[in-house]
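The values are calculated or read from the model by the stated rules, or taken from the named source; none is laboratory data. Everything numeric in this text was worked out from a predicted model, so none of it was measured. Because the Cβ atoms are built from the backbone with ideal geometry, glycine has one as well, and the counts that use them run over all protein chains shown.
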DNA sequence: TGAACATATGAATATATGTTCATATTTTAG
DNA sequence: CTAAAATATGAACATATATTCATATGTTCA
């Protein structure tokens with residue numbers, strides 16, 4: 001097999017199911033959207049950040065220092081991760097004096113979380 | 001600041017909100033669960049895999065070759081990614097002669113997908 | 001059985017990313 | 001203003017991972 005990356009040279013120069021591929025392509029969200037979607041999930045896809053998100057989900061808001069204590073990594077590491085979460089808009093923050101409090105940005109975060117947990121638990125018992 | 005990783009030495013040797021941390025910790029799912037959750041999202045967190053998942057979501061089932069054509073990467077790369085998706089149980093497969101068809105494993109995948117998309121689109125218009 | 005096709009897999013490489021260390025920035029207290 | 005506390009950030013390092021190339025495995029058909 002040729003292993004080229006152009007569409008026409010796959011599957012021995014013909015599609016097995018060309019219509020299927022075309023149909024899927026026709027209805028596809030644009031590349032950028034799917035890329036952004038992957039980026040969002042990538043942010044969820046780290047155990048440190050998952051713990052942070054869980055803590056914020058449960059406690060509503062927490063300061064950086066408490067998050068570091070909870071997750072049990074350095075303040076610096078938490079801060080770096082909070083930046084990632086901030087950029088992905090999964091988290092928002094508010095300064096109160098010297099302390100900065102973080103909180104979940106919206107309810108989607110919670111729902112994505114819950115679906116993920118369901119997936120795990122249902123698979124385990126199955 | 002000391003930057004140690006033991007709980008008691010954070011925030012200048014005291015917690016700012018020790019009760020908060022303890023409360024969150026008390027209700028936390030076990031480490032393994034949160035780790036597994038992160039692993040699931042990690043699998044979602046790649047644009048190639050997102051495209052594959054989207055295609056399977058839309059077309060119900062597809063063979064490896066068509067997926068390679070659709071995503072526009074090599075057959076080998078798709079195959080490697082399908083293995084990752086398989087291991088995470090996001091995808092199931094069925095051999096029909098020479099051709100192997102892949103499909104989404106369950107409905108959570110779809111719901112996680114949709115929540116993710118909502119997050120993106122709502123943020124964009126906001 | 002052997003050739004051709006569809007898929008899977010191992011090794012290698014390049015790139016991305018999480019953590020730490022050191023240090024900068026911001027804010028309050030004195 | 002200065003010191004100290006809370007947080008943020010840059011550089012470096014280690015690790016993870018996505019892709020490709022080469023090749024193996026499994027399947028059908030002549």
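Taking the condition of being near DNA strand D (Cβ under 8 Å from one of its atoms) and within 7 Å of chain A (Cβ to nearest Cβ), how many residues in segment B:34-46 meet it?
Total meeting the criteria: 3.
Please go through (1) without any contact (Cβ under 8 Å) to a residue 24 or more places away in the chain; (2) more than 18 Å from residue A:106 (Cα to Cα); (3) more than 8 Å from every other protein chain (Cβ to nearest Cβ) for residue A:28 and return the number of the only condition it doesn't satisfy.
(3)
For segment A:75-101, how many residues meet the condition of being closer than 18 Å to residue B:25 by Cα and more than 8 Å from DNA strand D (Cβ to nearest atom)?
So the count comes out to 0.
Does any residue in segment B:88-103 that is within 11 Å of chain A (Cβ to nearest Cβ) come within less than 7 Å, Cβ to Cβ, of a residue that is more than 12 Å from DNA strand D (Cβ to nearest atom) and assigned to a loop (DSSP other than H, G, I, E, B) six or more places away or on a different chain, and which pairs are these?
If the second residue must be more than 12 Å from DNA strand D (Cβ to nearest atom) and assigned to a loop (DSSP other than H, G, I, E, B), the pairs left are B:89/B:105; B:90/B:105; B:99/A:16; B:101/B:61.
Assuming residue B:107 fulfils every condition listed in (1) over 24 Å from residue A:46 (Cβ atoms); (2) more than 16 Å from DNA strand D (Cβ to nearest atom); (3) in contact with a helix residue (DSSP H, G or I) (Cβ under 8 Å, 6 or more places away or on another chain) apart from one, which condition is it?
(3)
Read through the list (1) at pLDDT below 95; (2) out of contact with any helix residue (DSSP H, G or I) (no Cβ under 6 Å at 6 or more places or on another chain); (3) buried (at least 18 other Cβ atoms within 10 Å of the Cβ), then give the number of the only condition that residue B:119 fails.
Against the list (1) at pLDDT below 95; (2) out of contact with any helix residue (DSSP H, G or I) (no Cβ under 6 Å at 6 or more places or on another chain); (3) buried (at least 18 other Cβ atoms within 10 Å of the Cβ), residue B:119 comes up short only on (2).
If you scan segment B:67-96, which residues turn out to be surrounded by 19 or more Cβ atoms within 10 Å (Cβ to Cβ), farther than 20 Å from residue A:20 by Cα and touching a strand residue (DSSP E or B) at 6+ places or on another chain (Cβ under 8 Å)?
Scanning segment B:67-96 gives B:85, B:90.
Can you tell me how many residues within segment B:47-78 are in a helix (DSSP H, G or I) and more than 7 Å from chain A (Cβ to nearest Cβ)?
11
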